[in-house]
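J.: Submitted below is the structure of interest, expressed as structure tokens.
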2 protein chains.
Amino acid sequence: MSKNAVVLLSGGLDSATCLAMATSQGYQCHTLAFDYGQRHRAELHAAERVSKAMNASTHRVIQLGLREIGGSALTDDAIDVPESESEGIPVTYVPARNTVFLALALGLSEVVDAEAIYIGVNAVDYSGYPDCRPEFIDAFQGMANVATRAGTEGHGPKILTPLMTMSKAEIIQHGVELGVDYGLTVSCYQATDQGIACGKCDSCRLRHKGFVDAGVKDPTPYIK
Amino acid sequence: MSKNAVVLLSGGLDSATCLAMATSQGYQCHTLAFDYGQRHRAELHAAERVSKAMNASTHRVIQLGLREIGGSALTDDAIDVPESESEGIPVTYVPARNTVFLALALGLSEVVDAEAIYIGVNAVDYSGYPDCRPEFIDAFQGMANVATRAGTEGHGPKILTPLMTMSKAEIIQHGVELGVDYGLTVSCYQATDQGIACGKCDSCRLRHKGFVDAGVKDPTPYIK
């Protein structure tokens, strides 16, 4: 009997690895991406490519007007994406983004009867985002257990974060073993619409260092 | 010194009363409505009218593609709105809707520095929705306390549900005392774009009974 999972898919390296892991665990995967007014379309194209390449059952793109809220370099043009590491919570933090993404995944999990939700958050390279911490995921699980139809009986889908304690290099090594084609993924905060990465932002630097540390050739196209 | 609140405003009777209560508590209110593919536009027009009439500081309408998820008579045209009461969780339940709405309110609360979020959920007339129960609100509060910037220090905005234990008649009586003009609000699940109510759906019947029980003239325009 098949079991279903919802997999949050950003088009980046981490969520592609999550999808491969969910598939290898025997889940029929329903992938979910968000058009939330991010600076470029490349990651949405990447999410669709990755979902197809890994034979997900369905792929959805949900419109989400986070620009009405703003408050982040990723959703407010008045705030620049930084090119050097910052102290504390970075300006690329989007207020309550993972809470919103997981809430929508929770809704989809009811509709497709999924017993698990995969999210590729990571506490090692999480860059100080409050909603990538294990405490947050545990608290969301507690809420999910009472929020839905199943929640009236005290249970909800499992929120799975298989990357939580892995280094970027470990994630890449694991993904390569599972056959992930990282050339399909885009991590850059300010990629061109064709998916060419800047090579300078936090996300690019973490990603490139991951490939170097893993001893895997970096397939990312960078701006010359 | 002014204090800020985010108020979820559907355009209906309950959330308009919530806004009046938040204002009477001294909050500067930032109202938040959602364009989630609901069957009619009347409630969005109503939310804007109500926000203006009660002098909220800002009003936002967030695009939210819940039709991509479906699973409810309110977001899926293939499921009809019923005209009689049903057993259990009704087909008008939108999977994880309040979780999603509160998650977006949580994001806005960070941006406008709000110390409270008002939501007009009600456990008396809640029609069996799992995400209108006190257990759900308590669990969301626990999650909100760790989800945001403030959450890295273990606190978040207070989730306030002043209507939770009030009957519809009590809500109306309280709102009338606070000067709410219920003629501006729309509750019907299938109102016309001009805000004319069907008078038959669950929401219409609960609302009308509330006015009768409160001894207040029902200002709702119904289809003849």
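J.: Residue check: is A:V100 free of Cβ contacts under 8 Å to residues at least 24 places away in the same chain and over 12 Å from the mean Cα position of the chain (by Cα)?
T.: When the stated conditions are applied, A:V100 does not pass them.
J.: Tell me whether region B:171-181 contains one or more residues that are in a loop (DSSP other than H, G, I, E, B), of a type in the set (G, A, S) and modelled with pLDDT of 95 or more.
T.: Yes, some residue in region B:171-181 is in a loop (DSSP other than H, G, I, E, B), of a type in the set (G, A, S) and modelled with pLDDT of 95 or more.
J.: Now a separate question. In region B:47-67, how many are at pLDDT below 95, touching a Ser or Thr at 6+ places or on another chain (Cβ under 8 Å) and either of a type in the set (A, V, I, L, M, F, W, C) or closer than 19 Å to B:L160 by Cβ (or both)?
T.: 1
J.: Do we find a residue being among the small types (G, A, S) and more than 23 Å from B:Y182 (Cα to Cα) anywhere in region B:88-99?
T.: Yes, region B:88-99 has at least one match.
J.: Sticking with this one: Considering only region B:102-120, state which residues are among the β-branched types (V, I, T) and crowded, with 24+ Cβ neighbours inside 10 Å.
T.: Answer for region B:102-120, where residues must be among the β-branched types (V, I, T) and crowded, with 24+ Cβ neighbours inside 10 Å: B:I117, B:I119.
J.: Moving on. Please work out which one of (1) more than 28 Å from A:D113 (Cβ to Cβ); (2) out of contact with any Ser or Thr (no Cβ under 7 Å at 6 or more places or on another chain); (3) buried (at least 20 other Cβ atoms within 10 Å of the Cβ) is the condition B:T99 fails and give its number.
T.: It is condition (1) that B:T99 fails.
J.: Scanning region B:149-163 for residues that are free of Cβ contacts under 8 Å to residues at least 60 places away in the same chain and touching a Phe, Trp or Tyr at 6+ places or on another chain (Cβ under 9 Å), which turns out nearest to A:N145 (Cα to Cα)?
T.: Selected residue: B:I159.
J.: Among the residues of region A:164-192, write down those that are touching a residue at least 40 places away in the same chain (Cβ under 8 Å) and acidic (D, E).
T.: Passing the criteria: A:E170, A:D181.
J.: Follow-up question, since we're still on this one. Mind checking whether some residue in region B:26-46 is touching a strand residue (DSSP E or B) at 6+ places or on another chain (Cβ under 6 Å), surrounded by 22 or more Cβ atoms within 10 Å (Cβ to Cβ), at pLDDT 95 or above and in a helix (DSSP H, G or I)?
T.: no
J.: Return the residue satisfying two criteria in turn: it lies in region A:1-16 and is among the polar types (S, T, N, Q) and surrounded by fewer than 24 Cβ atoms within 10 Å (Cβ to Cβ), and of such residues it is farthest from A:I171 (Cα to Cα).
T.: By that ranking, first place goes to A:S2.
The values are calculated or read from the model by the stated rules, or taken from the named source; none is laboratory data. Given the structure is predicted, the values throughout are model-derived calculations rather than measurements. Cβ coordinates were reconstructed from backbone atoms using ideal geometry, including for glycine residues, and neighbour counts include every protein chain displayed.
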